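Reviewing the structure listed below.
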Amino acid sequence: METFWFCAVAVMVAMYVVLDGFDLGVGALHLWAARTEPERRMSLRSIGPVWDGNEVWLLAAGGVLYFAFPALYASSFSGFYLPLMVVLWLLILRGTALELRNHLGNAVWRPFWDVVFSGASALLAVFFGAALGNVVRGVPLSADGYFFLPLWTHFGVRGEVGILDWYTLLAGVAALVTLLSHGAHWLALKTAGPLHERAEKAGRALWPVLLAVTVALTAASFAVQPRLGARFTEAPGNFVFPALAVAALALMRVWRDELKRFLASCAFIIGMLTSAAAGVYPYVLPSHQDAARGLTIYNAAAPQPGLTWGLYWWAPGMLLVTAYFVFTYRNFAGKVSGEEGGHY
């Protein structure tokens, strides 16, 4: 049961990054790709019907984490208090910008909220990537399973580390580049005209950068967290996950069809995230100082009866969520326009 819920949380986080990732990427590209008001309406309409629904996966993953691994929930939410507050404010600013930009139609109001929307989207990508970097690197867990991290210390990965160091910043940059590429493929799929052409150009230009940061992050991850190499040696079947990421990255370059390129981008993100999850398993929060203090799926999990009963609400809940998303994406399929009218 512990392994099942570990996989469930990993899948739900991956779904969040895939789905909310493209609208974070669209937001980060918003000021550069969309240069006129009709183009910015198209950019926003490409994500307008789905962006808030995509965040359901983040809430659902947090809920599962709370009941399945309460020790991890308690430890991480206290230790990462500062960055969690930053992420909360960025989510608030991003949603506020989307909802308020059309309330006034003057020369200052809309550009101001466009800047807020784009900046918050880019910073969210960086912070989410840095958060994953902290999990892979490990945190200074005490004997009672708790820790506290300042925003930064000496930017090293040993000793008294902070939330930001050279490795977590690299992870943040890699996340930003990945989601910029993901958002570009989504914009190319959903728009037409000059905005479509710029999105296509951005996707092509970002590919070699994405390749470079992927190689750099992979090498750094194996150097920073020795557990990764040991885990893949112990379970060679885990190589299927990085193989998926490599194949998807190549197909993003080879395929010319917009939908196929976007699906390849989705597969690349899933491959990278599942590779990280498989590499740290059975740890859910490693300790970078003393491996014995790390939180695993066994010492962080809820009692067995709770894990079993959780299936009775999780399974139908996931069926409902999946049905809702299939309906929504089918209903709003196709290209969007930049004409006046509508919410965005």
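FYI, it's all coordinate maths here, none of it is from the lab. What you see is a predicted model; the values in this text were computed from it and never measured. Glycine also receives a Cβ, built like all others from the backbone with ideal geometry; neighbour counts cover every protein chain displayed.
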Checklist outcome for this item: From the Cα centre of the range 35-65 to that of the range 160-186, the distance in Å is 19
Checklist entry - Build a GNM of the chain with springs between Cα atoms under 10 Å: which of PRO208, PRO286, PRO49 gets the top mean-square fluctuation? => result PRO208
Item to check | Square roots of 5 times each gyration tensor eigenvalue, C-alpha, the range 267-314, largest first, Å | outcome: 23, 20, 5
Next on the checklist: Can you show me the helix-derived [θ] at 222 nm for the chain, built from DSSP H runs with n ≥ 4 at -39,500 (n - 2.57) apiece and divided by the number of residues, rounded to the nearest 500.
Outcome noted: -25000 deg cm²/dmol
Item to check | DSSP H segments from the chain that extend 27 Å or more along their own axis, Cα-based, with Kyte-Doolittle mean of 0.0 or above | outcome: 2-33, 81-100, 109-137, 166-190, 194-224, 258-280, 304-331
Next on the checklist: Quick check: residue separation of ALA323 and LEU88 times 0.36 nm, minus the Cα distance between them. What number comes out in nm?
Outcome noted: 81.8 nm
Checklist entry - Excluding same-chain residues fewer than 8 positions from LYS260, which lysines have a Cα within less than 16 Å of its Cα? => result LYS190, LYS335
Item to check | Range in the chain, longest, excluding exposed trypsin sites (Lys or Arg not before Pro) [loop by DSSP; at most 15 other beta-carbon atoms within 10 Å] | outcome: 36-157
Checklist entry - Long-range amide H contacts for THR296: which residues qualify at under 5 Å (H placed 1.01 Å from N, peptide plane, sequence gap of 5 or more or a different chain)? => result VAL284
Item to check | Projected-area mean, the chain, by convex hull of Cα positions, square nanometres | outcome: 17.2
Checklist outcome for this item: Debye calc, one equal point scatterer per Cα of the range 1-68, no solvent, log10 I(q)/I(0) at q = 0.13, 0.17, 0.21 1/Å comes to -0.46, -0.64, -0.81
Checklist entry - At a Förster distance of 41 Å, what's the computed FRET efficiency of PHE67 paired with PHE112, Cβ-Cβ distance as r, to 0.05? => result 0.50
Item to check | Excluding exposed DSSP-loop GluC sites (Glu not before Pro) (at most 14 other C-beta within 10 Å), longest clean stretch of the chain | outcome: 161-338
